[in-house]
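Here's the structure we're looking at; comments come further down.
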Amino acid sequence: MNAGITWGPTDVVISWNRPTPVVTDCLAQQTAAGPPGEHPVRQTRAMPFPAAGRPADEVLSELDHIASADVDWKGGRVFSLAYFADDETYRVARAANDRFLSTNALNVAAFPSLRRMQSEVVSTVAGWLNAGDGAAGFMTTGGTESLLMAVKAARERGREMGIDEPEMVLPVSAHAAFEKGAHYFGVRSVRAPVGDDFRADPEAMAAAVTDRTVLVVGSAPQYPQGVIDPITDIAAIAAERDINCHVDACMGGVTLPYLRRLGEEVPPFDFAVPGVTSMSVDLHKYGYTAKGASVIIHRDAERRRHQTFVTDNWTGGTYGSSGVLGTKSGGPIASAWAVMQHLGDDGYLRLTRTARDATLRLRGLLERIDGLRVLGATPVTLVAFTFDDIDPFAVADVVGADGWYCDRQGPPASLHCTVHAGHVDTVEPFAEAAAAAAAVVRERGGQGTDGAYATVD
């Protein structure tokens, strides 16, 4: 359990954004040893810099050798971090990225192609989210940057309202990048408990709001258990107080609109909900585009203004930026545009159906394993599970040695699978591997390695 955090049915959790020994120790262990089953290539050493340049084919061949220790993300054995639709979609994503690799989205006056592609991508995503004609947004390099910008925009709007010591209220399940935003932008993070179903508790969140609150947060879905927060109730808290409400739909912003069209019961989660002021969607997840491509959309251009930064306080002229980065490659923008054009509406409908079917099959297979308990309702494409009688991380160690990779998370200690279209043929073998691993752990006992969702080495 992290220092400074208390857990209980009615506790309000206040994070002071200080380093936690648990995380530090975990990262140190991972740096030293690496995840179970991984080749020992993580030791730090200086890159051998050649006195004379090497032939291109030789260098590229060495890159292939170095990558041989990586997880097999295109083979369906990785339930985290990477997304794969099919070979043709990957080819389009890669080719578009290569074409615009060295273009610079810092100034689209020099690259009007990037302005056009960004505008068209953002417009399409806004349509998925029922954003309306007045909505405005930008592409970012990923979900973390999108969430950082949501925090920054709320802080700036709060300043205009006279709030000098801003706070944001969010459930304990909201993404860790909000903590990063709190740390970077000086916003106090106030965490509220979730219910027994792992969804945010609106009453607890409302109780945590003060006259310093500039932002409330909901997720659609949240990452740890994959459930959808009660966005209508959370947004009502914001609307009543005229503060920002961000919906983190980085995981569900593509899939949820299409699941609704496929006849799934999808609760209100987007701009159709009064009080929602901004949303984030990662295209390099279920949009199957190249990393890193995300979108943040604000209800109107005035709210988007709070995200941007402009200065002329130097001798180089006016400098403006829509996000954390200045220079950034136009490759991910072009890749997002190209993949979205390639797949089209029917392609995303097909891939969403495939991913959802694979998710339901995986959940059904996991529920047959003795002692295994699935956490949450699995309304989208994320499956979290634990074991009542053995250490789930020990199970992860065993399946990891056989080339499977899934997240280790907590509390509660559990394993997490992000299921996408590339898993259509591998959920059965994974479930079989999990069942066999559980039997091994029951026989020999022991504890597994905690691992970490993200690392700093």
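The values are calculated or read from the model by the stated rules, or taken from the named source; none is laboratory data. None of the values given here were measured: they were computed from a predicted structure. Note that we place each Cβ from the backbone using ideal geometry, even for glycine, and neighbour counts take in every protein chain shown.
Okay, here's what the table says:
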| read-out | value |
| --- | --- |
| So D25, is it assigned to a helix (DSSP H, G or I), among the charged types (D, E, K, R) and modelled with pLDDT under 95 | yes |
| Among (1) under 30 Å from G410 (Cα atoms); (2) of a type in the set (D, E); (3) in a loop (DSSP other than H, G, I, E, B), the one test that E145 misses | (3) |
| Any hit, region 273-280, residues being at pLDDT 95 or above, surrounded by fewer than 19 Cβ atoms within 10 Å (Cβ to Cβ), part of a loop (DSSP other than H, G, I, E, B) and of a type outside the set (S, T, N, Q) | yes |
| Scope region 106-124; condition modelled with pLDDT under 95 and either closer than 16 Å to G292 by Cβ or touching a strand residue (DSSP E or B) at 6+ places or on another chain (Cβ under 6 Å) (or both); matching residues | L106 |
| Cross-chain or 6+ apart pairs with Cβ under 7 Å, region 194-210 first and without any contact (Cβ under 8 Å) to a residue 24 or more places away in the chain, then in a loop (DSSP other than H, G, I, E, B) | V194/V172; V194/S173; V194/D201; G195/D201 |
| Selection count where residues are surrounded by fewer than 22 Cβ atoms within 10 Å (Cβ to Cβ) and free of Cβ contacts under 8 Å to residues at least 60 places away in the same chain, scope region 415-431 | 1 |
| Positions within region 285-340 being among the small types (G, A, S) and more than 28 Å from V78 (Cα to Cα), in sequence order | A301, G316, G317, G320, S321, S322, G323, G326 |
| Any pair with Cβ under 6 angstrom, 6 or more apart, that starts in region 344-363 at a residue that is part of a helix (DSSP H, G or I) and ends at one that is small (G, A, S) | L351/A85; L351/A421; T354/A421; A355/A421 |
| Candidate set: region 435-455, residues that are touching a helix residue (DSSP H, G or I) at 6+ places or on another chain (Cβ under 6 Å) and at pLDDT 95 or above; chosen: the one surrounded by the fewest Cβ atoms within 10 Å (Cβ to Cβ) | V440 |
| Set G326, G287, G344: member being closer than 26 Å to A82 by Cβ and either surrounded by fewer than 19 Cβ atoms within 10 Å (Cβ to Cβ) or among the polar types (S, T, N, Q) (or both) | G344 |
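Yes or no, residue by residue, for (1) buried (at least 17 other Cβ atoms within 10 Å of the Cβ); (2) of a type in the set (D, E); (3) modelled with pLDDT of 95 or more:
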position: E156; (1), (2), (3): yes, yes, yes
position: P166; (1), (2), (3): yes, no, yes
position: S173; (1), (2), (3): yes, no, yes
position: D197; (1), (2), (3): no, yes, yes
position: A200; (1), (2), (3): yes, no, yes
position: A208; (1), (2), (3): yes, no, yes
